[in-house]
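Working notes for the structure below.
The values are calculated or read from the model by the stated rules, or taken from the named source; none is laboratory data. If you're wondering where the values come from, they're calculated on a predicted model, not measured in any experiment. Cβ placement follows ideal geometry from the backbone for every residue including glycine, while neighbour counts extend to all protein chains displayed.
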Amino acid sequence: MMTIQGHTLREWAQATRPWSFPASTMPVMVAMVWLASQGLMASWPLGLLALVNIVLVHAAGNVWSDYFDYRSGVDAADTYGVRILTDGVFTPRQVLTLSVVLQVLAVGMGLLMVWLTGLPLLWLGLAGIALSLAYPPLKYAALGDVVIMACYSLLPMLGITFICSGAIVPRVLWLAVPVGSITVAILHGNNLRDIETDSRANIRTVALLTGRSLGSALYVAELLMPYVWLLATVLLGHVSPWTLLAFATLPIALRNCRTAVACNTGGAVAIARLDEATAQLQLAFSLSLTAGLVAATFLA
């Protein structure tokens, strides 16, 4: 099997945390299908190219964050989550190199898309890259949730409307809010689990500021708000009633909520994989929302 610097391609891929990619790909997919349901989709190929690009951006950001967390002492031998550096699987230099390579590929593809579409995409892309690079220190200042909402919901969904239709369509933000709320919950679930180790590293996160009890309640709100928001937007006539198909995922959300609340008595162990479970909810919610948009297109 082919290896690069002593690691297989599968190991390099695993280092990017592929389980988290629904957080970035699903908002883009939802926005593309929404454009089609509105009769605004002009280029599916450009949309698929954007989908590949957002994966590269996300992968680069994941690896960069892991490198920064390790160098800053946030990740140690007793922390949960990704352990490629704390267990010595990869060296810091290898992880940094991987992040740079992925970032260069993402920027190159982004510039190609700017050339194919227009300058407005450049400003959205630059904002996304700047926030991605600044994410670790911003996360340490309790601003990570804001960055995640911007980078993995608002900016990409606005950007994909320009890429696929030739114009920025702000109406897509009606769907960006519920999808983005679950994305933010992925990070919050991670930080809720890591309260003790983050405190030891002298950083601040929203979960650390709220504590486990209030933090778990905030997680519950982040998971239930999308369903309330979606129902309200349907009643107001902003989106099709078919989007309520996303309610099929409510049992999954409730299960995750029960898991989050369990941390009040069970500690970090009780929510060791809450971030991954939330990413799975993101995938299920977005796919069912997408199915609703498709149904609205062909059955309305």
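Tell me yes or no: at least one residue of the range 82-95 is touching a helix residue (DSSP H, G or I) at 6+ places or on another chain (Cβ under 9 Å), modelled with pLDDT of 85 or more, under 19 Å from residue 286 (Cα atoms) and assigned to a helix (DSSP H, G or I). Taking every residue of the range 82-95 in turn, none turns out to be touching a helix residue (DSSP H, G or I) at 6+ places or on another chain (Cβ under 9 Å), modelled with pLDDT of 85 or more, under 19 Å from residue 286 (Cα atoms) and assigned to a helix (DSSP H, G or I). Tell me yes or no: at least one residue of the range 110-133 is modelled with pLDDT of 90 or more and within 17 Å of residue 16 (Cβ to Cβ). Within the range 110-133 (the criterion being modelled with pLDDT of 90 or more and within 17 Å of residue 16 (Cβ to Cβ)), the answer is no, since none of the residues qualifies. Can you find a residue in the range 58-74 that is part of a loop (DSSP other than H, G, I, E, B), free of Cβ contacts under 8 Å to residues at least 40 places away in the same chain, among the charged types (D, E, K, R) and surrounded by 13 or more Cβ atoms within 10 Å (Cβ to Cβ)? No, the conditions are met nowhere in the range 58-74. Scan the helices (runs of 4 or more DSSP H) fully inside the range 108-194 and keep the ones with 3 or more residues being buried (at least 24 other Cβ atoms within 10 Å of the Cβ) and at positive phi. Correct list: empty, since no element meets the threshold. For residue 239, the criteria (1) in a helix (DSSP H, G or I); (2) aliphatic (A, V, I, L, M); (3) within 16 Å of residue 31 (Cβ to Cβ) hold in every case but one, which is (1).
Applying a threshold of 7 Å to beta carbon distances and a minimum spacing of six or more residues, or different chains, the list of pairs starting in the range 230-258 at a residue that is over 29 Å from residue 192 (Cα atoms) and ending at one that is surrounded by 15 or more Cβ atoms within 10 Å (Cβ to Cβ) and aromatic (Phe, Trp, Tyr) reads 233/174; 238/174; 239/174.
On inspection, residue 258 does not qualify as crowded, with 20+ Cβ neighbours inside 10 Å and either under 20 Å from the mean Cα position of the chain (by Cα) or charged (D, E, K, R) (or both). Hey, any hits in the range 263-275 for a residue that's within 24 Å of residue 231 (Cβ to Cβ) and not polar (S, T, N, Q)? Checked against the condition, which is being within 24 Å of residue 231 (Cβ to Cβ) and not polar (S, T, N, Q), the range 263-275 yields no hits at all. Looking across 285, 298, one residue alone is surrounded by fewer than 15 Cβ atoms within 10 Å (Cβ to Cβ), aromatic (Phe, Trp, Tyr) and either in a helix (DSSP H, G or I) or at pLDDT 95 or above (or both). It is 298. Taking each residue of the range 206-222 that is within 20 Å of residue 141 (Cα to Cα) and looking for partners that are β-branched (Val, Ile, Thr) and surrounded by fewer than 19 Cβ atoms within 10 Å (Cβ to Cβ) with beta-carbon atoms closer than 6 Å, six or more apart or interchain, yields 216/261.
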